[in-house]
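Below is one structure, written out as C-alpha coordinates; the observations come after it.
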Amino acid sequence: MKITDLRIHEVDASHRGNWFFVVIDTDVGIQGVGEASQSGNDELVMACLRQLGERIEGNDPTQPEVIWEQMVGASAIFSGKSGRVGATAVSAIDQALWDIAGKAAGLPAWRLLGGRRRDRVRCYANLNRGTTDRSPEGFAQAAVAAVEAGFRAVKATPFDEVRASHQDRDGLWQDVERGLARLRATREAIGGEIDLLVDCHCRFDLPLAMRVAEAVRPLDLFWFEEAVPRDQIDANAHITAHSGQTTAGGESFFGRAEFERYVTTGAVHILMPDVKHAGGITECRRIAHQAQIHQVSVAPHSPAGPVSTMAGVQVAATISNFLVLEWAFGEVPWRAELLQPAEIVEDGFIEVPDGPGLGFELDTDVVAAHAPGETPS
Ligand SMILES: [Mg+2]
(Lines give C-alpha, C1' and ligand atoms only; values in the text may rest on other atoms or scores of the structure.)
Protein backbone atom coordinates (compact mmCIF):
# COMPACT_ATOMS: atom_id res chain seq x y z
CA MET A 1 0.00 0.00 0.00
CA LYS A 2 1.19 3.50 -0.84
CA ILE A 3 0.27 7.04 0.15
CA THR A 4 -0.97 8.85 -2.96
CA ASP A 5 -2.30 12.20 -1.78
CA LEU A 6 -3.00 14.53 1.15
CA ARG A 7 -6.07 16.77 1.12
CA ILE A 8 -7.25 19.43 3.57
CA HIS A 9 -10.88 20.23 4.44
CA GLU A 10 -11.61 23.48 6.26
CA VAL A 11 -14.75 23.83 8.37
CA ASP A 12 -16.20 27.13 9.57
CA ALA A 13 -16.47 26.21 13.26
CA SER A 14 -16.96 29.43 15.20
CA HIS A 15 -15.74 32.94 15.85
CA ARG A 16 -12.80 31.33 17.67
CA GLY A 17 -11.39 29.76 14.51
CA ASN A 18 -11.92 27.07 11.90
CA TRP A 19 -11.28 23.36 12.03
CA PHE A 20 -8.88 21.69 9.58
CA PHE A 21 -9.33 18.02 8.71
CA VAL A 22 -6.61 16.20 6.81
CA VAL A 23 -7.42 13.25 4.57
CA ILE A 24 -4.64 10.95 3.37
CA ASP A 25 -5.42 8.83 0.31
CA THR A 26 -3.84 5.52 -0.64
CA ASP A 27 -3.55 3.48 -3.84
CA VAL A 28 -5.99 0.86 -2.49
CA GLY A 29 -8.80 3.31 -1.75
CA ILE A 30 -8.41 3.36 2.03
CA GLN A 31 -8.42 6.87 3.49
CA GLY A 32 -7.24 8.13 6.85
CA VAL A 33 -8.37 11.28 8.68
CA GLY A 34 -6.56 13.56 11.11
CA GLU A 35 -7.09 17.08 12.47
CA ALA A 36 -4.77 20.09 12.27
CA SER A 37 -6.83 22.84 13.96
CA GLN A 38 -5.56 25.58 16.30
CA SER A 39 -1.96 25.56 15.11
CA GLY A 40 -1.75 29.31 15.62
CA ASN A 41 -1.27 29.94 11.89
CA ASP A 42 -3.78 28.36 9.51
CA GLU A 43 -2.02 29.42 6.30
CA LEU A 44 1.32 28.09 7.44
CA VAL A 45 -0.04 24.77 8.73
CA MET A 46 -1.67 24.13 5.35
CA ALA A 47 1.62 24.85 3.57
CA CYS A 48 3.40 22.62 6.02
CA LEU A 49 0.90 19.79 5.54
CA ARG A 50 1.26 20.00 1.76
CA GLN A 51 5.04 19.87 2.01
CA LEU A 52 4.99 16.90 4.39
CA GLY A 53 2.33 15.23 2.22
CA GLU A 54 4.65 15.39 -0.78
CA ARG A 55 7.52 14.08 1.29
CA ILE A 56 5.66 10.96 2.46
CA GLU A 57 3.94 10.23 -0.86
CA GLY A 58 4.74 6.67 -1.98
CA ASN A 59 5.43 5.48 1.57
CA ASP A 60 3.63 2.59 3.25
CA PRO A 61 1.01 4.30 5.48
CA THR A 62 0.64 1.28 7.76
CA GLN A 63 3.91 2.16 9.51
CA PRO A 64 3.02 5.36 11.42
CA GLU A 65 6.01 5.36 13.78
CA VAL A 66 8.48 4.95 10.92
CA ILE A 67 6.90 7.82 9.00
CA TRP A 68 6.79 9.92 12.19
CA GLU A 69 10.58 9.69 12.48
CA GLN A 70 10.98 10.53 8.84
CA MET A 71 8.81 13.64 9.13
CA VAL A 72 10.36 14.92 12.34
CA GLY A 73 13.94 14.00 11.56
CA ALA A 74 14.11 15.48 8.10
CA SER A 75 12.52 18.83 8.75
CA ALA A 76 13.43 22.28 10.02
CA ILE A 77 9.84 23.09 10.90
CA PHE A 78 10.32 22.47 14.60
CA SER A 79 12.65 25.36 15.24
CA GLY A 80 11.69 28.84 16.33
CA LYS A 81 8.18 30.24 16.42
CA SER A 82 6.92 27.97 13.67
CA GLY A 83 7.44 25.00 16.01
CA ARG A 84 3.80 24.56 16.89
CA VAL A 85 2.74 24.76 13.25
CA GLY A 86 5.07 21.94 12.22
CA ALA A 87 4.09 19.98 15.28
CA THR A 88 0.40 20.33 14.38
CA ALA A 89 1.02 19.17 10.80
CA VAL A 90 2.98 16.10 11.89
CA SER A 91 0.36 15.32 14.53
CA ALA A 92 -2.49 15.44 12.01
CA ILE A 93 -0.68 13.14 9.60
CA ASP A 94 0.11 10.72 12.42
CA GLN A 95 -3.60 10.51 13.38
CA ALA A 96 -4.52 9.80 9.76
CA LEU A 97 -1.86 7.09 9.44
CA TRP A 98 -3.15 5.22 12.51
CA ASP A 99 -6.60 5.47 10.96
CA ILE A 100 -5.28 3.90 7.74
CA ALA A 101 -3.23 1.28 9.57
CA GLY A 102 -6.32 0.15 11.48
CA LYS A 103 -8.57 0.19 8.43
CA ALA A 104 -6.02 -1.79 6.41
CA ALA A 105 -5.91 -4.45 9.14
CA GLY A 106 -9.67 -4.34 9.70
CA LEU A 107 -9.00 -3.53 13.36
CA PRO A 108 -9.58 -0.56 15.67
CA ALA A 109 -6.40 1.46 16.15
CA TRP A 110 -6.41 0.60 19.86
CA ARG A 111 -5.82 -3.06 18.97
CA LEU A 112 -2.68 -2.14 17.05
CA LEU A 113 -1.63 0.01 20.02
CA GLY A 114 -1.59 -2.85 22.48
CA GLY A 115 -5.22 -2.97 23.54
CA ARG A 116 -7.74 -0.81 25.32
CA ARG A 117 -7.66 -0.41 29.06
CA ARG A 118 -11.18 1.01 29.27
CA ASP A 119 -14.40 0.72 27.26
CA ARG A 120 -15.33 4.37 27.63
CA VAL A 121 -13.41 7.56 28.20
CA ARG A 122 -14.34 10.15 30.82
CA CYS A 123 -14.66 13.70 29.44
CA TYR A 124 -14.93 17.13 30.96
CA ALA A 125 -16.84 19.95 29.33
CA ASN A 126 -14.67 22.92 28.39
CA LEU A 127 -17.17 25.76 28.64
CA ASN A 128 -14.95 28.55 27.31
CA ARG A 129 -15.87 28.65 23.63
CA GLY A 130 -19.56 28.13 24.30
CA THR A 131 -19.81 30.82 26.99
CA THR A 132 -20.62 33.99 25.05
CA ASP A 133 -22.30 35.70 28.03
CA ARG A 134 -19.24 36.48 30.18
CA SER A 135 -21.19 37.53 33.27
CA PRO A 136 -21.15 35.32 36.39
CA GLU A 137 -24.70 34.29 35.47
CA GLY A 138 -23.56 33.40 31.94
CA PHE A 139 -20.79 31.18 33.34
CA ALA A 140 -23.23 29.53 35.74
CA GLN A 141 -25.76 28.88 32.97
CA ALA A 142 -23.16 27.34 30.66
CA ALA A 143 -21.99 25.05 33.46
CA VAL A 144 -25.52 23.97 34.33
CA ALA A 145 -26.21 23.23 30.64
CA ALA A 146 -23.15 20.96 30.57
CA VAL A 147 -24.23 19.17 33.74
CA GLU A 148 -27.73 18.75 32.32
CA ALA A 149 -26.11 17.22 29.22
CA GLY A 150 -24.53 14.61 31.49
CA PHE A 151 -21.05 15.95 32.25
CA ARG A 152 -19.78 15.47 35.79
CA ALA A 153 -16.77 17.73 35.27
CA VAL A 154 -16.66 21.24 33.78
CA LYS A 155 -13.85 23.69 33.02
CA ALA A 156 -14.15 27.47 33.22
CA THR A 157 -11.69 30.07 31.94
CA PRO A 158 -12.79 33.11 33.95
CA PHE A 159 -9.90 35.61 34.07
CA ASP A 160 -10.80 37.57 30.91
CA GLU A 161 -9.61 40.96 32.14
CA VAL A 162 -6.18 39.89 33.40
CA ARG A 163 -3.27 40.12 30.97
CA ALA A 164 0.15 38.82 31.95
CA SER A 165 1.89 41.72 30.26
CA HIS A 166 -0.33 44.44 31.70
CA GLN A 167 0.24 44.29 35.44
CA ASP A 168 1.63 47.85 35.71
CA ARG A 169 -1.69 49.48 36.39
CA ASP A 170 -4.34 50.04 39.01
CA GLY A 171 -7.15 47.63 39.54
CA LEU A 172 -5.39 44.33 38.86
CA TRP A 173 -6.90 42.56 41.85
CA GLN A 174 -10.35 43.92 40.97
CA ASP A 175 -9.92 42.25 37.59
CA VAL A 176 -8.95 39.03 39.33
CA GLU A 177 -12.06 39.43 41.49
CA ARG A 178 -14.25 39.60 38.38
CA GLY A 179 -12.89 36.18 37.43
CA LEU A 180 -13.39 34.87 40.95
CA ALA A 181 -17.02 36.05 40.90
CA ARG A 182 -17.61 33.97 37.73
CA LEU A 183 -16.07 30.95 39.42
CA ARG A 184 -18.06 31.34 42.62
CA ALA A 185 -21.28 31.62 40.61
CA THR A 186 -20.30 28.49 38.68
CA ARG A 187 -19.59 26.46 41.80
CA GLU A 188 -22.80 27.61 43.41
CA ALA A 189 -24.82 26.65 40.32
CA ILE A 190 -23.36 23.15 39.88
CA GLY A 191 -23.16 22.20 43.56
CA GLY A 192 -20.36 20.42 45.35
CA GLU A 193 -20.36 17.06 43.57
CA ILE A 194 -19.43 18.17 40.06
CA ASP A 195 -15.70 18.54 39.41
CA LEU A 196 -14.73 22.15 38.66
CA LEU A 197 -11.56 22.80 36.65
CA VAL A 198 -10.08 26.26 36.12
CA ASP A 199 -7.86 27.36 33.25
CA CYS A 200 -5.88 30.54 33.99
CA HIS A 201 -4.45 30.81 30.42
CA CYS A 202 -0.96 31.66 31.77
CA ARG A 203 -2.15 35.14 32.88
CA PHE A 204 -0.49 35.55 36.28
CA ASP A 205 3.01 35.99 37.58
CA LEU A 206 4.12 33.82 40.47
CA PRO A 207 3.06 36.02 43.42
CA LEU A 208 -0.34 36.70 41.88
CA ALA A 209 -0.79 33.02 41.02
CA MET A 210 -0.15 32.06 44.65
CA ARG A 211 -2.65 34.66 45.82
CA VAL A 212 -5.31 33.44 43.39
CA ALA A 213 -4.63 29.82 44.36
CA GLU A 214 -5.39 30.79 47.95
CA ALA A 215 -8.54 32.68 46.96
CA VAL A 216 -9.99 29.71 45.05
CA ARG A 217 -9.33 27.22 47.85
CA PRO A 218 -12.97 27.29 49.15
CA LEU A 219 -14.14 26.29 45.63
CA ASP A 220 -12.47 22.88 45.94
CA LEU A 221 -11.06 22.77 42.40
CA PHE A 222 -10.33 19.55 40.55
CA TRP A 223 -7.38 21.32 38.97
CA PHE A 224 -5.74 24.75 38.61
CA GLU A 225 -4.41 24.98 35.03
CA GLU A 226 -1.51 27.09 33.74
CA ALA A 227 -1.55 29.95 36.22
CA VAL A 228 1.79 31.30 34.94
CA PRO A 229 3.39 31.06 31.46
CA ARG A 230 3.96 27.41 30.72
CA ASP A 231 7.62 27.85 29.81
CA GLN A 232 8.42 29.16 33.31
CA ILE A 233 9.21 25.80 34.74
CA ASP A 234 10.49 26.96 38.14
CA ALA A 235 7.41 29.11 38.75
CA ASN A 236 5.12 26.26 37.73
CA ALA A 237 7.00 23.87 40.00
CA HIS A 238 6.69 26.34 42.88
CA ILE A 239 2.91 26.56 42.44
CA THR A 240 2.68 22.77 42.22
CA ALA A 241 4.72 22.30 45.38
CA HIS A 242 3.32 25.11 47.51
CA SER A 243 -0.13 26.30 46.40
CA GLY A 244 -2.14 23.37 47.70
CA GLN A 245 -3.79 23.11 44.27
CA THR A 246 -3.62 20.22 41.83
CA THR A 247 -1.91 21.64 38.75
CA ALA A 248 -2.18 20.73 35.07
CA GLY A 249 -0.50 22.05 31.93
CA GLY A 250 1.64 21.63 28.82
CA GLU A 251 -1.10 21.89 26.18
CA SER A 252 1.07 23.25 23.37
CA PHE A 253 4.27 21.31 23.97
CA PHE A 254 5.63 19.00 21.31
CA GLY A 255 7.40 15.74 21.91
CA ARG A 256 8.85 13.75 24.76
CA ALA A 257 11.69 16.16 25.46
CA GLU A 258 9.42 19.08 26.37
CA PHE A 259 7.21 16.94 28.57
CA GLU A 260 10.26 15.28 30.13
CA ARG A 261 11.33 18.67 31.53
CA TYR A 262 7.90 19.08 33.08
CA VAL A 263 7.87 15.63 34.60
CA THR A 264 11.38 15.64 36.04
CA THR A 265 11.08 19.13 37.54
CA GLY A 266 7.65 18.52 39.06
CA ALA A 267 6.24 21.45 37.08
CA VAL A 268 2.70 20.05 37.16
CA HIS A 269 0.78 17.18 38.70
CA ILE A 270 -1.06 16.40 35.46
CA LEU A 271 0.26 16.55 31.87
CA MET A 272 -2.01 17.86 29.11
CA PRO A 273 -0.51 16.70 25.80
CA ASP A 274 -2.74 17.53 22.81
CA VAL A 275 -2.97 14.87 20.10
CA LYS A 276 -2.99 17.80 17.60
CA HIS A 277 0.25 19.41 18.77
CA ALA A 278 2.25 16.97 20.90
CA GLY A 279 3.09 14.64 18.00
CA GLY A 280 -0.11 12.72 17.30
CA ILE A 281 -1.20 9.39 18.72
CA THR A 282 2.34 8.02 18.43
CA GLU A 283 4.03 10.64 20.58
CA CYS A 284 1.17 11.20 23.06
CA ARG A 285 1.44 7.56 24.06
CA ARG A 286 5.21 7.81 24.49
CA ILE A 287 4.74 10.92 26.62
CA ALA A 288 2.19 9.08 28.75
CA HIS A 289 4.49 6.09 29.21
CA GLN A 290 7.32 8.33 30.28
CA ALA A 291 5.06 10.19 32.72
CA GLN A 292 3.83 6.95 34.19
CA ILE A 293 7.31 6.15 35.49
CA HIS A 294 6.98 9.26 37.66
CA GLN A 295 3.35 8.58 38.63
CA VAL A 296 2.17 11.60 36.68
CA SER A 297 -1.25 11.25 35.06
CA VAL A 298 -2.34 12.45 31.63
CA ALA A 299 -5.43 14.49 30.73
CA PRO A 300 -5.25 15.10 26.97
CA HIS A 301 -5.97 18.68 25.90
CA SER A 302 -8.64 18.63 23.17
CA PRO A 303 -10.66 21.82 22.65
CA ALA A 304 -11.11 21.49 18.87
CA GLY A 305 -13.15 19.35 16.49
CA PRO A 306 -14.42 15.76 16.69
CA VAL A 307 -11.63 14.18 14.64
CA SER A 308 -8.90 15.10 17.10
CA THR A 309 -11.23 14.20 19.98
CA MET A 310 -11.67 10.69 18.59
CA ALA A 311 -7.91 10.42 18.02
CA GLY A 312 -7.57 11.48 21.67
CA VAL A 313 -9.99 8.69 22.61
CA GLN A 314 -7.56 6.17 21.08
CA VAL A 315 -4.77 7.60 23.24
CA ALA A 316 -6.98 7.71 26.34
CA ALA A 317 -8.14 4.14 25.83
CA THR A 318 -4.65 2.71 25.53
CA ILE A 319 -2.63 4.38 28.31
CA SER A 320 -2.76 3.28 31.93
CA ASN A 321 -2.32 6.75 33.47
CA PHE A 322 -5.27 8.44 31.71
CA LEU A 323 -7.31 10.84 33.85
CA VAL A 324 -9.90 12.74 31.78
CA LEU A 325 -10.30 14.04 28.18
CA GLU A 326 -11.33 17.56 27.23
CA TRP A 327 -14.49 18.12 25.15
CA ALA A 328 -15.48 21.51 23.69
CA PHE A 329 -19.02 22.08 24.95
CA GLY A 330 -21.62 24.17 23.17
CA GLU A 331 -19.58 25.38 20.19
CA VAL A 332 -21.61 24.28 17.13
CA PRO A 333 -24.74 22.11 17.14
CA TRP A 334 -23.78 20.14 13.99
CA ARG A 335 -20.43 18.99 15.41
CA ALA A 336 -21.46 15.34 15.94
CA GLU A 337 -22.71 14.99 12.34
CA LEU A 338 -19.24 15.58 10.89
CA LEU A 339 -18.48 11.93 11.69
CA GLN A 340 -20.19 8.67 10.74
CA PRO A 341 -21.09 7.13 13.08
CA ALA A 342 -21.79 10.42 14.85
CA GLU A 343 -19.66 11.45 17.80
CA ILE A 344 -21.66 10.61 20.95
CA VAL A 345 -20.94 11.81 24.47
CA GLU A 346 -23.24 10.12 26.94
CA ASP A 347 -23.27 10.83 30.67
CA GLY A 348 -19.95 12.61 30.13
CA PHE A 349 -18.27 9.58 28.54
CA ILE A 350 -17.29 8.68 24.96
CA GLU A 351 -17.41 5.01 24.11
CA VAL A 352 -14.19 3.62 22.68
CA PRO A 353 -15.24 2.67 19.13
CA ASP A 354 -15.02 -0.88 17.82
CA GLY A 355 -14.85 0.22 14.18
CA PRO A 356 -11.58 -0.04 12.22
CA GLY A 357 -8.94 2.68 12.49
CA LEU A 358 -10.09 5.64 14.54
CA GLY A 359 -13.62 4.23 14.31
CA PHE A 360 -15.40 6.67 11.99
CA GLU A 361 -15.56 8.16 8.50
CA LEU A 362 -15.59 11.88 7.83
CA ASP A 363 -18.99 12.89 6.39
CA THR A 364 -17.75 14.93 3.46
CA ASP A 365 -21.25 16.28 2.68
CA VAL A 366 -21.56 17.78 6.15
CA VAL A 367 -17.98 19.03 5.92
CA ALA A 368 -18.72 20.67 2.54
CA ALA A 369 -21.92 22.26 3.89
CA HIS A 370 -19.86 24.01 6.57
CA ALA A 371 -16.89 25.02 4.46
CA PRO A 372 -15.98 28.73 4.79
CA GLY A 373 -18.22 30.80 2.55
CA GLU A 374 -20.98 28.15 2.38
CA THR A 375 -24.42 28.95 3.74
CA PRO A 376 -25.52 25.78 5.55
CA SER A 377 -28.97 24.66 4.35
MG1 LIG B 1 -5.56 25.53 28.77
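The values are calculated or read from the model by the stated rules, or taken from the named source; none is laboratory data. These figures come from a predicted structure and were not determined experimentally. Positions of Cβ are backbone-derived with ideal geometry, glycine not excepted, and every protein chain shown enters the neighbour counts. Ligands, DNA and RNA are stripped out before the accessible areas are found, and what is left, the full protein with its side chains, is counted by its heavy atoms. Shrake-Rupley method; radii C 1.70, N 1.55, O 1.52, S 1.80 Å.
The table for this structure:
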{"quantity": "Within the chain: Cβ-based charge dipole about Cα centre, in debye rounded to nearest 20 (Lys, Arg +1; Asp, Glu -1)", "calculated": "860"}
{"quantity": "Estimated [θ] at 222 nm from DSSP helical runs (n ≥ 4, -39500 (n - 2.57)) normalised by residues in the chain, nearest 500", "calculated": "-12000 deg cm²/dmol"}
{"quantity": "Radius, Kirkwood style, for the range 1-42 when every pair of distinct Cα atoms is counted (Å)", "calculated": "11.3"}
{"quantity": "Cα gyration tensor, the range 175-264 - rounded (a/c under 1.5), prolate or oblate", "calculated": "prolate"}
{"quantity": "Value of relative contact order over the chain, rounded to a whole percent, pairs C-alpha under 8 Å and six or more apart", "calculated": "20"}
{"quantity": "Solvent-accessible area of S39 with every protein chain in place, 1.4 Å probe, in Å² to the nearest 10", "calculated": "0"}
{"quantity": "S37, S135, reordered so the largest accessible area comes first (probe 1.4 Å)", "calculated": "S135, S37"}
{"quantity": "At R0 = 45 Å, FRET efficiency that the Cβ-Cβ distance of V144 and D60 yields, to 0.05", "calculated": "0.35"}
{"quantity": "Cα gyration tensor, the range 79-123 - rounded (a/c under 1.5), prolate or oblate", "calculated": "oblate"}
{"quantity": "Label-to-label distance, nm, for residues given as D231 and L107 (7 Å Cα→Cβ offset)", "calculated": "4.2"}
{"quantity": "Long-range HN-HN contacts of L339 with modeled amide H, under 5 Å", "calculated": "D363"}
{"quantity": "Carbon/sulfur fraction of accessible area - the range 204-290, other protein chains in place, 1.4 Å, %", "calculated": "51"}
{"quantity": "Rg(Cα)/(2.2 N^0.38 Å) for the range 112-356, N = residue count", "calculated": "0.98"}
{"quantity": "The range 24-123: GluC sites (Glu not before Pro) falling in loop per DSSP and having at most 14 other Cβ within 10 Å", "calculated": "E57"}
{"quantity": "Residues A181 and K2, FRET efficiency given R0 of 41 Å [Cβ-Cβ distance, rounded to 0.05]", "calculated": "0.10"}
{"quantity": "Anisotropy class of the range 50-199 from Cα gyration tensor, a/c 1.5 cut", "calculated": "oblate"}
{"quantity": "The range 191-254: GluC sites (Glu not before Pro) in DSSP loop, at most 13 other beta carbons within 10 Å", "calculated": "E193"}
{"quantity": "Å² per residue, accessible surface of the range 135-291 at 1.4 Å", "calculated": "38"}
